[in-house]
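Undergrad: One structure, pasted below without further comment.
Nothing in this text is a laboratory measurement; each read-out follows from the coordinates by a stated rule. Computed from a prediction, not measured in an experiment: that's the story for all the values here. Every residue, glycine among them, receives a Cβ derived from its backbone with ideal geometry; neighbour counts consider all protein chains shown.
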Amino acid sequence: MSHPTPPTTPTPGAAEPLPCDELVLAAIERAALHRARDTPAVPTWSILAHLSVARRSTAARHVHVRLDVLHAAGWVEPSRRHGVSCWELTPVGGRHLARARRRGDVPALPESPQHRAWRNARRTAAQEIERFTEALRACMTETAEALDADEMPTSDALFELADRLHRTCRRLGSAAYCLNEWREPDDGRADVEEHLDLAASGLSPAEQALRRAHRSGRRNIRLWDLNRRLDRDDAC
């Protein structure tokens, strides 16, 4: 099998380094491992994410060119999944990558997307957890004051308080999980929540299902911003 043609030499002083072929192969390999799907084929955007390459950049265009070259060499195989272009290592490409690693010719990949997600969530939780705690405390105080008032709150007022209590409790619970319970991912495997601890917890199937529902979305820190906007709307 012929070796791919050499890539174009980067222009001196270029703003971004261009990934070598072996690094592209390593990114495909890790992307397939971290997706934990029933197919080793991974979309191009995932390869770029594992290379820490912006989708619309010189480096991204370089990767697209090299993927076609690597395909011509028999090292990767293209496919389409739900209309999305995907790539996977061929056995020949896998063997080449293994030999290159033994020679020390494969540069280290950038931080993986799953590790970056863990690190960002942990850092953000550390910054926000005190504010989230105070928000929940204030909501609980408002609820207690409403219940202690001379007149019973209207049903609408109680429903609004219930929604706010739910949001603030879930947001604080999510932050507590990201800061104290989410273990640092191992790049040797996909960081997927499997809830294996529930199977050995002694809980009934119904209780396990409820616990899984409670845990849903606890890693999604983007929901924190949504909750913050809803809190501002409630205050208006």
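Undergrad: Could you sort 72-78, 27-33, 219-225 so that the peptide with the highest average Cβ count within 10 Å comes first and the rest follow in order? Provide the component values of the computation, followed by the final result.
TA: Values: 72-78: 18.1, 27-33: 22.9, 219-225: 14.6.
Final packing ranking: 27-33, 72-78, 219-225.
Undergrad: Kindly rank 92-101, 170-179 from highest to lowest mean number of other beta carbons found within 10 Å of each residue. Walk me through the numbers before you get to the answer.
TA: Values: 92-101: 16.7, 170-179: 20.2.
Put in order of decreasing packing, that is 170-179, 92-101.
Undergrad: What residues qualify as long-range amide H neighbours of residue 76, i.e. H under 5 Å apart, gap of 5 or more or another chain, H built at 1.01 Å from N?
TA: For residue 76, whose amide H was placed from the backbone, the distant partners under 5 Å are 71, 90.
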